[in-house]
Protein chains: 2
Amino acid sequence: MTATKYLLEESQMPRSWYNIQADLPVPLPAVLHPGTMKAIGPDDLAPLFPMDLIAQEVSTSREIEIPEPVRDIYRLWRPAPLYRAHRLEKALGTPAKIFYKYEGVSPAGSHKPNTAVAQAFYNAQAGVKRLTTETGAGQWGTSLAFAGSLFGLEVLIFQVRVSYDQKPYRRAVMETYGARCLPSPSNETVYGRSVLAEKPEHPGSLGIAISEAVELAAQRDDTKYALGSVLNHVLMHQTIIGLEAMQQMEMADAWPDVVVGCTGGGSNFAGIAFPFIGQALRGGQRSRIVAVEPAACPSLTRGRYSYDFGDTGRMTPLVKMHTLGSSFTPPPFHAGGLRYHGMAPLVSHLKELGQIEASAYTQSECFEAGVLFSRTEGIVPAPEANHAVKGAIEEAMRCKREGKSETILFNLCGHGHFDMAAYQRYFAGDLKDERYDESELAMALAGLPTVPA
Amino acid sequence: MTATKYLLEESQMPRSWYNIQADLPVPLPAVLHPGTMKAIGPDDLAPLFPMDLIAQEVSTSREIEIPEPVRDIYRLWRPAPLYRAHRLEKALGTPAKIFYKYEGVSPAGSHKPNTAVAQAFYNAQAGVKRLTTETGAGQWGTSLAFAGSLFGLEVLIFQVRVSYDQKPYRRAVMETYGARCLPSPSNETVYGRSVLAEKPEHPGSLGIAISEAVELAAQRDDTKYALGSVLNHVLMHQTIIGLEAMQQMEMADAWPDVVVGCTGGGSNFAGIAFPFIGQALRGGQRSRIVAVEPAACPSLTRGRYSYDFGDTGRMTPLVKMHTLGSSFTPPPFHAGGLRYHGMAPLVSHLKELGQIEASAYTQSECFEAGVLFSRTEGIVPAPEANHAVKGAIEEAMRCKREGKSETILFNLCGHGHFDMAAYQRYFAGDLKDERYDESELAMALAGLPTVPA
């Protein structure tokens with residue numbers, strides 16, 4: 001028997017996002033101004049984000065209504081399917097039941113449009129004409145370009161130069177949606193020019209690209225900045241994943257003992273996990289929640305819970321999070337969406353509160369899991385999603401050892417159609433499991449900013 | 001307003017394919033043996049195909065039941081959505097209503113798995129252990145690799161060498177599904193070795209790859225051959241597209257005045273169109289049916305309706321079809337799925353019977369249409385599908401000129417995520433609308449085989 005698919009009616013698509021800040025037993029630590037090191041207020045963020053999104057960032061309302069124009073676009077691919085992975089279970093010989101939510105059905109091929117569409121809507125409503133953002137491999141840039149095209153917004157994307165050069169196909173998708181894509185560091189910003197002046201052949205980094213995007217957004221009234229992960233409102237927009245999955249698990253007459261997601265900045269993980277955590281926080285049924293991260297960039301398992309900057313250039317506000325230090329450069333591996341030195345403050349906070357477990361796997365372990373998944377379930381996962389597949393398989397094998405028929409739910413956050421170069425290297429045996437440099441990590445952690453108590 | 005989506009329940013997924021041979025006013029011309037030039041019977045095809053598929057090839061039953069194991073796998077992505085393209089209509093300022101059926105939701109990203117799964121099933125049921133096939137760009141090879149992995153069949157794919165070298169990512173998808181992919185001409189077949197002996201650096205062609213796949217299949221009892229288009233049974237497996245679309249048009253309380261599909265070998269076109277043509281043949285409502293082909297490989301608009309070989313090596317049986325001549329080499333353009341010298345016999349026959357109109361467009365016209373579609377509807381089409389988009393837009397613009405609010409339905413047969421290199425060249429202005437050589441076409445047509453009356 002193949003996978004069983006659980007589909008919701010359009011009328012069952014959630015009408016609100018879930019805001020976990022309403023249910024936190026301890027509120028999030030304050031966000032600090034990078035200059036004064038004092039707590040910032042909504043006005044400090046106004047040059048970068050429209051007021052509706054800033055309000056969502058600090059809201060403690062449990063439910064925030066999804067505007068109808070956003071639901072209208074969600075309906076292009078939502079509600080997204082949830083499957084029971086019968087063939088994977090059989091291949092593993094596990095008594096566990098494995099379910100997965102599939103977000104690769106969006107036009108961009110991943111979960112990212114869930115927040116891109118919402119952010120584009122609120123910006124368009126606020127009269128913004130142009131959005132700037134950064135992208136590495138291009139998943140986020142693609143999604144914002146898609147969303148911008150539907151709301152008539154100009155989208156300017158700073159893509160890390162090494163990716164810009166190596167992945168022209170991703171750029172072609174962004175351009176097809178009408179966005180402008182620039183290699184970062186670029187000559188369009190003061191910061192970009194300063195980097196290029198020092199090193200004309202600089203390969204770029206996500207940190208530099210963020211600084212460029214932020215600089216341009218801050219300069220012009222008609223321009224704002226959009227971020228694809230990390231921030232509270234971004235994670236909240238993704239909770240539609242878990243809210244749908246809850247209804248679908250009920251359809252399947254099952255409930256997850258374990259919920260698994262992969263973590264980079266934290267948004268797809270939060271999307272599947274937060275509704276389940278919230279239920280437990282409100283005294284309801286508790287599932288184990290497992291975050292899976294790459295061994296080469298292990299912020300949750302090896303990072304420090306500390307105030308840090310979001311970018312390498314130390315221009316963003318400081319947030320308390322699990323971080324490897326903003327000067328830490330992860331070794332090059334193929335799950336580009338997971339190559340971030342920090343972790344979403346909400347995910348970090350919940351880890352500290354004991355609501356989340358974390359584990360880390362090498363990329364070759366994850367590709368091995370992804371190939372098994374492809375051959376049994378028929379969908380080729382993105383390299384990021386392979387981490388969630390690996391995490392779910394590990395839980396299923398534990399169940400086999402322990403003779404337990406637990407129910408496992410994981411989020412398959414995107415398909416791998418844009419990432420076949422990575423699979424190709426895996427099959428060719430060219431994929432190295434590069435470790436980060438321990439002394440570099442120690443140095444990056446030692447360089448964390450000191451924040452007055 | 002964004003696109004309206006029309007979704008069927010799983011219980012509404014068709015239980016049978018539609019076989020248009022039941023409704024033909026004149027039966028198909030016979031298939032001829034390449035040696036004797038006499039009509040072949042089922043036994044002649046037995047070395048290549050399992051008997052169930054041969055029976056389907058010649059059946060005149062109107063409905064052929066879809067086996068439950070095939071439906072089980074179809075359910076991974078079917079029923080596929082149908083959308084009304086409100087935003088495209090608005091951008092065109094047309095009074096026409098435009099609907100599109102979207103087949104890019106399959107794990108392979110196109111309509112091809114509809115027949116790959118069926119063919120893999122019947123082969124597995126007949127005890128076949130291994131399937132051979134050819135592929136150009138890789139859409140078909142990907143789909144058969146996917147289907148083979150689900151039925152435990154070994155899949156051996158001969159990929160045209162130039163594509164094998166230029167598109168390693170496509171090969172990586174096939175390998176991820178566990179298939180073996182060889183560059184053709186190869187050293188694994190007598191025919192391949194003979195080609196290489198003459199020209200070691202031969203770039204390959206679909207015709208050579210077909211000959212290699214057929215040679216291997218004919219040699220071994222446990223091995224059969226699978227074809228992704230052209231044959232009657234292949235087209236029939238695709239009719240699930242049109243059968244679903246009919247139900248969805250009823251949901252939308254609309255009925256197409258025009259049905260548009262792109263044509264290479266003819267399978268996705270047949271899939272959307274045959275159920276509508278059948279209805280008209282049985283005396284029901286008649287829609288105009290428009291086949292859209294590339295101007296650089298215009299078999300329906302410029303080819304001759306004549307007996308011809310399916311391959312360049314002249315080893316396959318002869319079928320009567322619209323053909324540019326089996327020695328005709330289409331110029332290199334990016335809709336690889338449409339680069340075939342011939343046309344499905346059923347599509348050709350229906351064209352001769354006046355049931356189908358045909359038109360041809362250049363690839364840059366089609367990319368322009370695809371970019372407009374991407375920016376309005378949010379889905380980036382495959383270069384092949386851009387031809388259908390272009391055809392639908394032309395009909396919509398005619399409606400605008402004539403002040404008619406007709407209903408247009410087209411088949412969006414796949415997404416373009418694997419084809420962004422082509423879009424990249426389009427944006428860079430590097431895409432030439434290469435014409436075929438008129439004298440080469442004349443020569444290829446002059447070389448058509450003579451068949452005794």
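The values are calculated or read from the model by the stated rules, or taken from the named source; none is laboratory data. Since we're looking at a predicted model, the values are computed, not measured. Note: ideal-geometry Cβ built from the backbone for every residue, glycine included; neighbour counts use all protein chains shown. Side chains included, ligands, DNA and RNA excluded: accessible areas come from the protein's heavy atoms. Shrake-Rupley method; radii C 1.70, N 1.55, O 1.52, S 1.80 Å.
Along the three principal axes, how long is region B:124-267 when you take its alpha carbons, biggest first, rounded to the nearest angstrom?
61, 33, 27
Scan region A:49-122 for trypsin sites (Lys or Arg not before Pro) in coil per DSSP, keeping those whose Cβ has at most 11 other Cβ atoms within 10 Å, and list them by number.
Numbers: sites: A:62, A:71, A:75, A:84, A:87, A:90, A:97, A:101; in loops: A:62, A:75.
Within region A:49-122, no trypsin sites (Lys or Arg not before Pro) qualify (loop, at most 11 other Cβ atoms within 10 Å).
Can you name the residue in chain A whose Cβ lies closest to the A-to-B rotation axis, and give that gap in whole Å?
A:417, 2
How much of the pair distance distribution for region A:384-453 lies past 19 Å, counting alpha-carbon pairs only, in percent?
Tail fraction, whole percent: 64.
With all protein chains present, calculate the accessible area of residue B:250 using a 1.4 Å probe and round the result to the nearest 10 Å².
Solvent-accessible area, nearest 10 Å²: 120 Å².
Enter the mean number of other protein chain beta carbons within 10 Å of the beta carbon of each residue in A:22-34, as an integer.
Working: counts 0, 0, 0, 0, 0, 0, 0, 0, 0, 0, 0, 0, 0.
Averaged over the peptide's residues, the number is 0.
Along Cα-to-Cβ, 7 Å out, sits the label point; list in nm, shortest first, how far the one on residue B:280 is from those in the other copies.
6.1
Using the Kirkwood radius built from alpha carbon pairs, what does the Stokes-Einstein equation give as D for region B:302-453 at 10 °C and 1.306 mPa s, in µm² per second? Present the calculation step by step, with values, prior to reporting the outcome.
Values: Rh = 17.3 Å.
My calculation gives 92 µm²/s for D.
In whole Å, what are the Cα extents of chain B along the three principal axes, biggest one first?
The principal-axis extents, from largest down, are 60, 49, 48 Å.
Could you give, in nm with one decimal, how far residue A:10 is from each other copy of that position, shortest first, with labels 7 Å out from Cα toward Cβ?
Here residue A:10 shows inter-copy label distances of 2.1 nm.
Residue by residue through A:414-424, how many Cβ atoms from other chains fall within 10 Å of the Cβ on average? Kindly include the intermediate steps, with their values, before the conclusion.
Numbers: counts 0, 3, 5, 12, 4, 2, 12, 3, 2, 6, 8.
Partner Cβ neighbours, averaged per residue: 5.
Using DSSP, restrict attention to beta bridges with both residues in the protein assembly as shown and report what percent are antiparallel, rounded to the nearest 5. Each step should come with its number before you reach the end.
On the way: 38 of 104 bridges.
Close to 35 percent.
In region A:85-228, what percent of the accessible surface is made up of carbon and sulfur (1.4 Å probe, ligands and nucleic acids excluded)? Working shown, then result.
Details: 2270 of 4540 Å².
Carbon-and-sulfur percentage of accessible area, whole number: 50.
I'd like to verify something in chain A: which complete DSSP H helices, judged by Cα projection on the helix axis, reach 18 Å or more and average at least 1.6 on the Kyte-Doolittle scale?
Numbers: long enough: A:139-151 (19 Å, 0.72); A:206-219 (20 Å, 1.16); A:267-281 (19 Å, 1.09); A:363-377 (20 Å, -0.22); A:383-402 (29 Å, -0.96).
In chain A, no H run is both long and hydrophobic enough.
Output the relative contact order of region A:183-264, whole-number percent, from Cα pairs under 8 angstrom with separation of 6+ residues. Don't skip to the end; give the middle numbers.
Working: 44 pairs, mean separation 14.2, N = 82.
RCO, region A:183-264: 17 percent.
For region B:413-453, what is the per residue volume of the convex hull drawn over the alpha-carbon atoms, in cubic angstrom? All intermediate terms of the calculation are to be shown ahead of the outcome.
Numbers: hull volume 5.7 nm³, N = 41.
Cα convex hull per residue, to the nearest whole number: 139 Å³.
How compact and how long is the protein assembly as shown, expressed as Rg and Dmax of its alpha-carbon atoms in Å?
That works out to 27.7, 97 Å for Rg and Dmax.
Along each principal axis of its Cα atoms, how long is region B:226-380 end to end? Whole angstroms, biggest number first, please.
49, 39, 28
If you take each beta carbon of peptide A:156-169 and count the beta carbons of other chains within 10 angstrom, what is the mean? Show your work: numbers first, answer last.
On the way: counts 0, 0, 0, 0, 0, 0, 0, 0, 0, 0, 0, 1, 5, 10.
Partner-chain Cβ atoms within 10 Å, mean over residues of A:156-169: 1.
From the protein chains alone at 1.4 Å, what is the descending order of accessible area for A:221, B:257, largest first?
On the way: A:221 150, B:257 65 Å².
The most accessible residue leads, giving A:221, B:257.
As I understand it, the dipole of region B:298-453 uses +1 on the Cβ of Lys and Arg and -1 on the Cβ of Asp and Glu, about the Cα centre. Which of B:359, B:380, B:331 lies farthest toward its positive end?
Farthest towards the positive pole: B:359.
Please report Rg (one decimal) and Dmax (integer) in Å for the Cα set of region B:236-323.
According to the Cα coordinates of region B:236-323, Rg and Dmax are 15.3, 50 Å.
What are the distances, in nm and sorted shortest first, from the label point of residue B:95 to the label points of the same position in each other copy, with each label point placed 7 Å from Cα along the Cα-to-Cβ direction?
Label-point separations across copies, in nm and ascending: 6.9.
For region A:12-168, what log10 I(q)/I(0) values come out of the Debye formula at q = 0.12, 0.13, 0.18 1/Å, with one point per alpha carbon and no solvent?
After summing over all Cα pairs, the log10 values are -0.72, -0.82, -1.23.
Could you give me the percent of Cα pairs per 5 Å distance bin for region A:13-69, shortest bin first, beginning at zero and ending with the bin that holds the maximum distance?
It works out to 4, 16, 22, 21, 20, 10, 5, 2, 0, in whole percents.
Radius of gyration and Dmax for region B:333-386's Cα atoms, expressed in Å?
Final numbers for Rg and Dmax: 13.8, 38 Å.
Let me check something: with ligands and nucleic acids excluded, how do A:106, B:364, B:439 order by accessible area (1.4 Å probe), largest to smallest? Provide the component values of the computation, followed by the final result.
Details: A:106 5, B:364 35, B:439 75 Å².
Correct descending sequence by accessible area is B:439, B:364, A:106.
For chain B, what is the mean residue ellipticity at 222 nm derived from helices alone (per DSSP H run of n ≥ 4: -39500 (n - 2.57); sum divided by total residues; nearest 500 deg cm²/dmol)?
On the way: 19 runs with 188 residues, N = 453.
So the helix-based figure for chain B works out to -12000 deg cm²/dmol.
Using Cα pairs closer than 8 Å and at least 6 residues apart in sequence, work out the relative contact order for chain A, in percent.
Here the relative contact order equals 19 percent.
Let me spell out the model: positive unit charges on the Cβ of Lys and Arg, negative unit charges on the Cβ of Asp and Glu, origin at the Cα centre of region B:235-315. What dipole size does that give, in debye rounded to 20?
Details: 6 positive and 7 negative charges, 72 e Å.
Taking the Cα centre of region B:235-315 as origin, the dipole is about 340 debye.
Taking region A:36-115 on its own, what percent of its Cα-Cα pair distances exceed 20 Å?
Roughly 60 percent, rounded to a whole number.
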